[in-house]
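Report on the following structure.
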Amino acid sequence: MSLLRFGSILLLLFGHSLATPRSFSLDYKNDCFRKDGEEFRYISGSIHYSRIPRVYWKDRLLKMYMAGLNAIQTYIPWNYHEESPGRYNFTGDRDVEHFLQLAQDVGFVVILRPGPYICAEWDMGGLPAWLLNKKDIVLRSSDPDYIAAVDKWMGKLLPMMKPYLYQNGGPIITVQVENEYGSYFACDYNYMRHLTKLFRSQLGEEVVLFTTDGAGLNYLKCGSIQDLYATVDFGPGGNVTAAFAAQRHAEPRGPLVNSEYYSGWLDHWGSRHSVVSSAKVAKSLNEMLAVGANVNLYMFIGGTNFGYWNGANAPYGPQPTSYDYDAPLTEAGDLTEKYFAIREVIKMYHKIPEGPIPPTTPKYSYGSVGNEKGWRSLQTISDALETLSFSGPVKSMYPQTFIELNQAFGYVLYRTTLPVNCNTPTPLSSPLNGVHDRAYVSVDGVAVGILERDKALTVNVTGKAGSQVDILVENMGRINYGKYINDFKGLVSNMTLGKDTLTGWTMYSLSIDEAVSQGLLGETKPTDLPPPAALSLPAFYQGNFIIPDGIPDLPQDTYITLPKWRKGQIWINGFNLGRYWPTRGPQLTLFVPANILSTAAPNIVTVLELEEAPCSSGLCSVEFTATPILNATVQSDYKHQRRLFTKDDLL
Ligand SMILES: *[C@@H]1O[C@H](CO)[C@@H](O)[C@H](O)[C@H]1NC(C)=O
Ligand SMILES: *[C@@H]1O[C@H](CO)[C@@H](O)[C@H](O)[C@H]1NC(C)=O
Ligand SMILES: *[C@@H]1O[C@H](CO)[C@@H](O)[C@H](O)[C@H]1NC(C)=O
Ligand SMILES: *[C@@H]1O[C@H](CO)[C@@H](O)[C@H](O)[C@H]1NC(C)=O
Ligand SMILES: *[C@@H]1O[C@H](CO)[C@@H](O)[C@H](O)[C@H]1NC(C)=O
């Protein structure tokens, strides 16, 4: 056949397929979705591109595809794309369009959850902290300033998403509006109506819009609204019939949908690692598929809260860096027993694609990076203020919050002086529990104690009048769920010394990530002073390691562990891997993706240790291992927290 003729046949075929328009809709009569006119049921998995390095998106998507899923679900975190008002970032790891394109190329349809609020154990549930510039803003409501910001953001985002709608040739079959709104106190129908209009006007009349709420009538009451198809979420182990009965109450006809079927569960620092058995997950999945329901497994791969992106629950309990979630694919994308258990269940209902499953990515144990490899003590935070505080200090009578200082994440140094002689131990306190979230206190360059939200409101200090008091405050992640999401950071109320309110503050907003990645921190001379007993000043340390020659396929992924260190933040080659806190657990290792490592030059490990580095005792080392540890035993209020944050009781 001539090339010309072949071409014209292709054109004919192609032309024919164009003649049948792509469509995706709800079929109320037959209780199902319809794709291009055919009955369609999705078996989907959640994957958050914001928690996975871009280079691994395809690998994770392929593994999901080979499990038998035909759809993926993702959130879009607003604060990840608009870190300051009007400055948008959709490049590199934040290139959501590329992610959608990959998902389509792999063979998926996409369930999009653009918020504006997403929960997701993500800082402030995805809302940008700068919304708090209006102090008394009512988030997730008709508050005009909130609405104005939402309109502007959605006016940017939704037109970008529109070409990716299924009917426009893209992968997106359904779009969620808000998230579990029925669990929020405001219950503002005008807000939900406004969002509905906004989404409709940006995306068109045809797209299937939906809501997701806990599977209980009390949640659906404020969460569901006309023109948005109501779906529910619930985990394994409960009564599937009863859970879907709740959805049926809101939607007497239409497809059954569990938008978040919990394949695992989240963690908190200081609580035991959550584990959900594969057998339990497989059993309820089977029950749901047997009744023809559409299911999205939340999460199918959790990934990592790199940098400062983790959220927190109330009473204040921040989530760790790993978002492994005990999901069927691990934080690093590894295949698990749960993956295969789920695949076996799906096999009974859908055809599983032929061909090999992409293997678990190899991990390499680079070993220990110790003193002999040239660890250096860098400056303390207090010594490096000129480098770290690009904008210079701000002075005020009373302390200001992060937002007032125009800083969203990380650390701020608050400095003042003792107004009187404190010859005997005198309580330095935050009587209104206003240290958000953890503070490292020193007097005249000597570390004296730690304050922590909800846990430690007082330290005793001694010193002469005029002694310098430094309080380094760490933002450990904003509350992402419930009514306390207006989570201001820093010193959010006054500090007292004895009975007096402390005044005359100098505050340094700190650009630590810039200073680390640009290598601006100076070295300090080793001192002959004996190591302090309990605490030292928050300070930087730096080591490096070379990836060995002659071993094929390096660099590979690895995990870093900091056994003798206490709490802090860690960067490799300027990339912020996240927080470490082995003294609280349960996470002991941080995932290090290969793409941040270099074979061409030594890899630089920078540690900000907040409490006490092991360096003075000659053990200034970190370890690279091939196996993650996310479940170290911790002393915990596990049961208490588990009860507070579980959704099992919604059934
Ligand atoms: C945008 O985000 C990417 C990925 O996180 C980052 O590499 C890049 O520096 C960001 N761009 C700007 C201008 O902040
Ligand atoms: C599950 O719930 C349904 C509907 O509420 C009820 O009829 C059924 O008995 C329950 N099944 C079990 C095992 O409790
Ligand atoms: C502060 O010192 C007082 C008196 O010595 C003592 O009773 C109190 O427990 C100390 N408080 C803290 C938080 O260490
Ligand atoms: C600190 O106390 C002063 C005086 O009572 C008050 O005006 C101010 O609002 C307080 N500041 C904070 C952050 O609570
Ligand atoms: C942690 O997980 C590993 C691997 O699954 C298991 O062997 C170990 O017993 C667990 N440890 C704790 C303390 O739960």
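The values are calculated or read from the model by the stated rules, or taken from the named source; none is laboratory data. Here the structure is a predicted model, which means the values were calculated and not measured. Ideal geometry is used to build each Cβ from the backbone, glycine not excepted, and the neighbour counts take in all protein chains shown.
General remarks:
- Screening GLU452 against (1) over 24 Å from GLU611 (Cα atoms); (2) of a type outside the set (Val, Ile, Thr); (3) surrounded by fewer than 22 Cβ atoms within 10 Å (Cβ to Cβ) leaves a single unmet condition, (1).
- Whichever residue in the stretch 388-415 is aliphatic (A, V, I, L, M) and surrounded by 14 or more Cβ atoms within 10 Å (Cβ to Cβ) and, among such residues, is farthest from ligand 3 (Cβ to nearest atom): ALA408
- Any hit, the stretch 416-434, residues being in contact with a Lys or Arg (Cβ under 8 Å, 6 or more places away or on another chain) and under 25 Å from ASN486 (Cβ atoms): yes
- Subset of the stretch 252-280 that is within 26 Å of MET348 (Cα to Cα), touching a strand residue (DSSP E or B) at 6+ places or on another chain (Cβ under 8 Å) and of a type outside the set (Ser, Thr, Tyr) - its residue that is surrounded by the fewest Cβ atoms within 10 Å (Cβ to Cβ): VAL276
- Yes/no for ILE381 being within 30 Å of TYR261 (Cβ to Cβ) and not hydroxyl-bearing (Ser, Thr, Tyr): no
- Matching option when the condition is farther than 18 Å from ASN305 by Cβ, away from ligand 2 (no atom under 16 Å from the Cβ) and touching a residue at least 12 places away in the same chain (Cβ under 8 Å), among TYR80, TYR88: TYR88
- Lone unmet requirement of (1) touching a Leu at 6+ places or on another chain (Cβ under 7 Å); (2) under 24 Å from TYR325 (Cβ atoms); (3) more than 16 Å from ligand 2 (Cβ to nearest atom); (4) part of a loop (DSSP other than H, G, I, E, B) for GLY254: (2)
- Only listed residue being at pLDDT 95 or above, within 10 Å of ligand 3 (Cβ to nearest atom) and under 26 Å from GLY317 (Cβ atoms), chosen from LEU451, LEU432: LEU451
- Of all residues in the stretch 452-476, those that are more than 20 Å from LYS489 (Cβ to Cβ) have Cβ atoms under 9 Å from Cβ atoms of residues that are basic (Lys, Arg) and more than 16 Å from ligand 1 (Cβ to nearest atom), 6 or more apart or on another chain, in GLN468/ARG415.
- The listed residues are ILE111, ILE43, ILE52, ILE118, and the only one of them that is in contact with a Gly (Cβ under 6 Å, 6 or more places away or on another chain) and either within 23 Å of ALA230 (Cβ to Cβ) or within 16 Å of ligand 3 (Cβ to nearest atom) (or both) turns out to be ILE118.
- Scan the stretch 133-175 for residues that are hydrophobic (A, V, I, L, M, F, W, C) and part of a loop (DSSP other than H, G, I, E, B) and the total you get is 3.
- Failed item, numbered, when ALA465 is tested on (1) surrounded by 20 or more Cβ atoms within 10 Å (Cβ to Cβ); (2) in a loop (DSSP other than H, G, I, E, B): (1)
- Residue in the stretch 416-431 that is nearest to ligand 4 (Cβ to nearest atom), counting only those that are among the aliphatic types (A, V, I, L, M) and buried (at least 21 other Cβ atoms within 10 Å of the Cβ): LEU428
- Between TYR261, TYR298, TYR349, TYR308, the distinction of being aromatic (Phe, Trp, Tyr), over 21 Å from PHE575 (Cβ atoms) and either in contact with a Cys (Cβ under 6 Å, 6 or more places away or on another chain) or not in a strand (DSSP E or B) (or both) belongs to TYR349 only.
- In the set TYR481, TYR440, TYR414, only one residue is away from ligand 1 (no atom under 16 Å from the Cβ), modelled with pLDDT of 95 or more and under 23 Å from LEU131 (Cβ atoms); that residue is TYR481.
- Residues satisfying the stated conditions in the stretch 468-513, i.e. part of a strand (DSSP E or B) and within 32 Å of the chain's Cα centre (by Cα): ASP470, ILE471, LEU472, VAL473, GLU474, ILE479, GLY490, LEU491, THR506, MET507, TYR508, SER509
- Check on ASP334, acidic (Asp, Glu), surrounded by fewer than 23 Cβ atoms within 10 Å (Cβ to Cβ) and away from ligand 2 (no atom under 16 Å from the Cβ): yes
- Test set (1) among the polar types (S, T, N, Q); (2) buried (at least 22 other Cβ atoms within 10 Å of the Cβ); (3) more than 30 Å from TYR184 (Cα to Cα) - GLN556 fails condition number: (2)
- Residue count for the stretch 122-154, restricted to those that are surrounded by fewer than 21 Cβ atoms within 10 Å (Cβ to Cβ), without any contact (Cβ under 8 Å) to a residue 40 or more places away in the chain and within 30 Å of TYR325 (Cβ to Cβ): 1
- Filter result (within 16 Å of ligand 4 (Cβ to nearest atom) and out of contact with any Phe, Trp or Tyr (no Cβ under 6 Å at 6 or more places or on another chain)) within the stretch 438-472: ALA439, LEU451, LEU457
A quick yes/no check of all residues on (1) at pLDDT 85 or above; (2) in contact with a strand residue (DSSP E or B) (Cβ under 6 Å, 6 or more places away or on another chain); (3) among the small types (Gly, Ala, Ser):
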residue: LEU590; (1), (2), (3): yes, yes, no
residue: SER598; (1), (2), (3): yes, no, yes
residue: ALA601; (1), (2), (3): yes, no, yes
residue: THR606; (1), (2), (3): yes, yes, no
residue: GLU612; (1), (2), (3): yes, no, no
residue: SER621; (1), (2), (3): yes, yes, yes
residue: VAL634; (1), (2), (3): no, no, no
residue: ARG642; (1), (2), (3): no, no, no
residue: LEU650; (1), (2), (3): no, yes, no
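- Between THR174, THR196, the distinction of being under 25 Å from the mean Cα position of the chain (by Cα), surrounded by 18 or more Cβ atoms within 10 Å (Cβ to Cβ) and of a type in the set (Val, Ile, Thr) belongs to THR174 only.
- Residue satisfying condition, being within 16 Å of ligand 4 (Cβ to nearest atom), basic (Lys, Arg) and at pLDDT 95 or above, within set LYS338, LYS395: LYS395
- Residues that are over 29 Å from the mean Cα position of the chain (by Cα) and either aromatic (Phe, Trp, Tyr) or surrounded by 14 or more Cβ atoms within 10 Å (Cβ to Cβ) (or both) were ranked within the stretch 596-626; the one that is farthest from SER368 (Cα to Cα) is SER616.
- Residue in the stretch 417-429 that is within 30 Å of ASN179 (Cα to Cα), in contact with a Ser or Thr (Cβ under 8 Å, 6 or more places away or on another chain), away from ligand 3 (no atom under 16 Å from the Cβ) and at pLDDT 95 or above present: no
- Residue within the stretch 490-509 that is crowded, with 17+ Cβ neighbours inside 10 Å and more than 16 Å from ligand 4 (Cβ to nearest atom) present: yes
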